[in-house]
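In what follows, a structure is listed as structure tokens, so that the remarks can point back to it.
Please treat every number below as a calculation from the coordinates, not as lab data. This is a predicted model, so every value here is computed, not measured. Here the Cβ is made from the backbone with ideal geometry for all residues, glycine too, and neighbour counts use every protein chain on show.
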Amino acid sequence: MKVLVVGNGGREHAIAWKIRQSPLVSDLYVAKGNAGIWEIAKRVDVSPTDVQALADFAQREGIDFTVVGPEAPLVEGIVDEFESRGLKIFGPSKVASQLEGSKAFAKRFMEKYEIPTAQYSVFEDFDRAVRYVRDVGAPLVVKADGLAAGKGAVVCFSEDQALETLENFMKKGALGGAGRRVVIEEFLEGEEASYIVMVNGDRYAVLPTSQDHKRLLDGDRGPNTGGMGAYSPTPVIDEDTERRIREEIVERTLEGLKKEGIFFRGFLYAGLMITSDGPKVLEFNVRLGDPEAQPILMRVKGDFLQILLDFYEGKDVEIEEDPRWALDVVIASKGYPQSPEKGKIIEGLEEVKNLEDVVVFHAGTTLKDGKVITNGGRVLNVCAYGNTLKEAKEKAYEAVSRIRFEGMQYRKDIGDKAFKYLDRESSSRRS
Ligand code: AMP
Ligand code: GLY
């Protein structure tokens with residue numbers, strides 16, 4: 001069958017890599033992809049957000065199944081457009097995508113269905129927002145209502161910082177329309193983790209757990225980014241926490257959607273803070289995480305396309321997990337996340353291809369004169385398997401050390417937050 005993957009990043013490379021392994025695939029297409037994805041899929045020169053042109057292409061080419069990577073086309077209504085033309089596509093409708101597309105919608109939904117999350121207020125009036133900040137004081141979190149590619153949430157440790165953020169979002173239009181309405185949230189303390197499920201109406205199937213590293217620099221310092229690395233599974237989510245996530249978050253969300261009359265089919269990502277009171281939702285996304293999808297899909301066993309098709313058709317599916325760990329180190333360009341450099345030649349990719357247990361997923365890369373060059377902020381995801389997390393980390397960093405481009409930057413501590421949980425587990429097992 002003919003399959004189309006929509007998107008340009010590391011997540012989409014991982015989706016394409018996994019789908020390519022299925023014997024069901026005759027032709028795999030990607031719109032638009034990157035230098036890595038073009039090695040395994042045919043290049044379609046249409047932007048992921050050009051929904052009409054993508055549907056035209058799918059119709060013309062007779063695409064049997066489409067999988068959407070990023071949020072922007074979902075929020076634009078790509079699924080509604082494809083379905084109106086009788087094309088099969090895995091992802092939520094425009095209405096269902098509001099869970100990610102509008103923070104205010106998501107917060108109201110969580111409040112209504114008693115899904116644990118931070119206390120919040122929504123503001124469209126700048127002066128009211130300012131008064132609220134003066135009343136409650138720091139720390140607090142200011143979030144733009146709309147999509148802002150990871151730049152829409154600012155954790156403010158002082159009142160001044162919160163006021164400045166409000167000014168930037170609401171008055172100066174730093175995020176365009178996305179920041180005209182803001183959500184101001186209680187600051188939650190704890191450990192972050194990502195919990196992603198596939199949803200089809202009232203059925204869901206759980207994907208492996210993972211943990212992202214959102215800040216640019218080691219030790220969780222520096223600005224927020226799209227994500228600088230991830231590993232799977234994460235010991236931050238233990239058995240009891242997972243049960244609570246399923247009952248208090250996933251199942252209540254599915255019930256809530258049903259009561260609202262919103263049909264959801266696609267990936268549902270809960271960005272969580274595991275607090276001393278239990279798991280709380282920081283954000284919902286309506287897609288796989290990037291970089292979480294990379295180690296997650298490395299650990300999903302079996303024919304992922306078959307799993308998706310069965311699930312899409314309404315069958316129950318069980319996701320079997322590879323017992324090994326997988327860890328992803330993101331290599332980014334100089335200047336990321338504010339103003340990344342582009343056009344640098346990347347060396348070492350061929351050498352890394354031959355390493356055992358290592359997979360490299362491309363993100364911001366393209367081709368020029370037959371050479372792979374950088375073309376965005378996050379450039380490569382260097383991933384490895386290991387029988388222990390330590391082994392996965394060592395193998396990934398060994399591979400990273402063989403890759404070179406001018407100005408490359410990456411975190412050296414991906415996975416480190418897990419070690420204290422693992423030490424605790426192994427010492428409690430000994431005692
Ligand atoms: P979001 O886009 O809502 O996921 O927020 C981006 C990042 O900001 C999260 O990954 C957290 O690191 C941080 N963050 C968001 N909301 C909160 C909160 N209520 N308390 C503490 N940190 C938060
Ligand atoms: N890695 C965070 C996200 O995909 O939203």
Practice task
Return the sequence-ordered ³J(HN,Hα) values of the range 312-327 in whole Hz as given by the Karplus equation 6.51 cos²θ - 1.76 cosθ + 1.60 applied to θ = phi - 60°, using x for Gly and Pro.
Solution key: 4, 6, x, 7, 7, 10, 10, 9, 8, 9, 5, x, 6, 8, 9, 9
Practice task
Rounding to the nearest 20 debye, state how big the charge dipole of the chain is about its Cα centre with +1 on each Lys and Arg Cβ and -1 on each Asp and Glu Cβ.
Solution key: 740 debye
Completion exercise
When Met228, Met110 are ranked with the fewest other C-beta atoms within 10 Å first, the list becomes Met110, Met228
Fill in the blank from the handout: GNM of the chain, Cα pairs under 10 angstrom: of Gly86, Gly33, Gly278, the biggest fluctuation goes to Gly86
Completion exercise
With only helices counted (DSSP H, runs n ≥ 4, each -39500 (n - 2.57)), the per-residue ellipticity at 222 nm for the chain, to the nearest 500, works out to -8500 deg cm²/dmol
Handout entry: Whole-number Å³ per residue for the convex hull built on Cα positions in the range 1-126
Key = 148 Å³
Handout entry: Relative contact order of the chain, defined on C-alpha pairs under 8 angstrom at six or more residues apart (%)
Key = 16 percent
Problem - Over the range 315-431, volume per residue of the alpha carbon convex hull, in Å³ - result: 161 Å³
Problem - Unit charges at the beta carbon, dipole of the chain: most positive-side option, Ala104, Gly377, Ser426 - result: Gly377
Problem - the range 43-162 - charge dipole about Cα centre, Lys and Arg +1 at Cβ, Asp and Glu -1, debye rounded to 20 - result: 240 debye
Completion exercise
GNM of the chain, Cα pairs under 10 angstrom: of Lys342, Lys420, Lys258, the biggest fluctuation goes to Lys420
Practice task
Rank Thr241, Thr365, Thr374 by mean-square fluctuation in a GNM of the chain with C-alpha springs under 10 angstrom and give only the top-ranked residue.
Solution key: Thr241
Completion exercise
Note on the range 163-225: alpha-carbon gyration tensor, axes a ≥ b ≥ c; rule is a/c under 1.5 for rounded, else prolate if a/b larger than b/c, else oblate; result oblate
Exercise for the section: Please name which of Gln119, Leu188, Pro23 has its Cα lying farthest along the dipole of the chain towards the positive end, using unit charges on Cβ (Lys, Arg +1; Asp, Glu -1) and the Cα centre as origin. Expected result: Pro23
Handout entry: Tail beyond 14 Å, pair distance distribution of the range 1-57 (Cα, percent)
Key = 45 percent
Problem - Mean Cα-pair separation over length for the range 265-381, i.e. relative contact order, pairs under 8 Å, 6 or more apart, % - result: 21 percent
Completion exercise
If unit charges are put on Cβ atoms (+1 for Lys and Arg, -1 for Asp and Glu) and the dipole of the range 152-231 is taken about its Cα centre, the option from Val154, Gln211, Asn200 lying farthest towards the positive end turns out to be Asn200
Completion exercise
Listed with the fewest Cβ neighbours within 10 Å leading, Asp290, Asp212, Asp202 appear as Asp202, Asp212, Asp290
Practice task
May I ask you to list the lysines whose Cα is less than 18 Å away from that of Lys214, ignoring any residue fewer than eight positions away on the same chain?
Solution key: Lys143, Lys151, Lys280, Lys334, Lys393, Lys412, Lys417
Completion exercise
In debye to the nearest 20, the charge dipole size for the range 351-431, taken about the Cα centre with +1 at each Lys and Arg Cβ and -1 at each Asp and Glu Cβ, equals 240 debye
Completion exercise
Residues whose modelled amide H sits under 5 Å from the amide H of Lys42, counting only those 5 or more places away in sequence or on another chain, are Leu28, Tyr29, Val30
Problem - Likely footprinting exposure, Glu124, Glu164, fewest C-beta neighbours within 10 Å first - result: Glu124, Glu164
Exercise for the section: Give me the percent of Cα-Cα pairs in the range 105-217 that sit more than 20 Å apart, rounded to a whole number. Expected result: 49 percent
Fill in the blank from the handout: Over the Cα atoms of the chain the radius of gyration and the largest Cα-Cα distance (Dmax), both in Å, equal 20.9, 64
Fill in the blank from the handout: The relative contact order of the range 43-100, taking Cα pairs under 8 Å that sit 6 or more residues apart, comes to a percentage of 35 percent
Practice task
Please report how far the C-alpha centroid of the range 135-184 lies from that of the range 261-294, rounded to the nearest whole angstrom.
Solution key: 21 Å
